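These notes concern the structure reproduced below.
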Amino acid sequence: QRLAPEGEGYRSIRQSRGRFYGTGKLVAGIEWAAKQVHAADPSAPPIAIGDLSAKNGGDVSMHRSHENGLDADILLAWKDAEGKPVFSDEFVGLPAKGSVSHGGKRISFDAARTWLIVKALVTNPHMKVSMAFLDQSLINALLNHAAKAGEDKAVISKASRMLDHWKGHADHLHIRVQ
């Protein structure tokens, strides 16, 4: 199934690659998650969705997976120096603390908004995310944010089991669904 170029709460990036196909569960799950995040923070920019799979599956460059419609890349949420959400259609590695320069601005990891994405993945009725790869420092920041914000302990626990450190994932979540 094809993920539309944009929908409520999300925008698919890198359209020229043609990697916007997934199983019906994956596509419905991404759309549902984006709507949940948008409902929680309507003034924030859309979630940037990277590669899914090619139309007929198979090997895709720059990925070891993304071959069968079960994988998707979701960019992390960013904020500027004033704490306002920032959208970008590029993958930029973010430290859990501190900031980086991007597009003439200082941006930093937005743990609160990225937690909304993770929470929507964990509670998603359309898909079961079996794993989500992310850098360990960002996993720690997300789970610490959730605990300090008083989020449901069962949701935090489920997120903790779903999130897994994987080198090269300081700029996005790589999710795989069952």
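The values are calculated or read from the model by the stated rules, or taken from the named source; none is laboratory data. All figures in this text were calculated on a predicted structure; none of them were measured in a lab. Cβ coordinates were reconstructed from backbone atoms using ideal geometry, including for glycine residues, and neighbour counts include every protein chain displayed. Accessible surface areas use protein heavy atoms only, side chains included; no ligands, DNA or RNA. Shrake-Rupley method; radii C 1.70, N 1.55, O 1.52, S 1.80 Å.
For the chain, with every protein chain kept in place, what is the accessible area per residue (1.4 Å probe, Å²)? Walk me through the intermediate numbers first.
Numbers: 8580 Å² over 178 residues.
With the other protein chains kept in place, the chain gives 48 Å² per residue.
Could you calculate the contour length gain from Ser43 to Glu90, that is, 0.36 nm times the residue separation minus the distance between their Cα atoms, to one decimal place in nm?
Values: separation 47, 0.36 × 47 = 16.92 nm, distance 2.05 nm.
Difference between extended and current length: 14.9 nm.
Over the chain, what is the relative contact order in whole percent, taking alpha-carbon pairs under 8 Å and six or more residues apart? Spell out each step's value before the answer.
Numbers: 359 pairs, mean separation 38.7, N = 178.
Taking the mean separation of contacting Cα pairs over the length of the chain, I get 22 percent.
Could you sort the peptides 129-136, 114-121 by per-residue average Cβ neighbour count (10 Å cutoff), highest mean leading?
Values: 129-136: 19.5, 114-121: 24.4.
Highest to lowest by the protection proxy: 114-121, 129-136.
Would you mind calculating the gained length between Ala154 and Asn140 on full extension (0.36 nm times residue separation, minus the Cα-Cα distance), in nm to one decimal? Write out the running numbers ahead of the final one.
On the way: separation 14, 0.36 × 14 = 5.04 nm, distance 1.66 nm.
Extra length from Ala154 to Asn140 when fully extended: 3.4 nm.
Out of Glu31, Glu151, Glu82, any idea which swings most in a Gaussian network model of the chain, alpha carbons joined below 10 Å?
Highest fluctuation among the options: Glu82.
Springs between alpha-carbon pairs under 10 angstrom, Gaussian network model over the chain: which of Ala40, Ala48, Ala96 fluctuates most?
Highest fluctuation of the listed residues: Ala40.
Tell me the carbon and sulfur percent of the accessible area for the chain, rounded to whole percent, probe radius 1.4 Å. Walk me through the intermediate numbers first.
Numbers: 4190 of 8580 Å².
With neighbouring chains kept in place, the figure for the chain is 49 percent.
Kindly rank 101-107, 69-75, 140-146 from highest to lowest mean number of other beta carbons found within 10 Å of each residue. Show your work: numbers first, answer last.
Values: 101-107: 12.1, 69-75: 23.1, 140-146: 19.1.
Result, highest mean first: 69-75, 140-146, 101-107.
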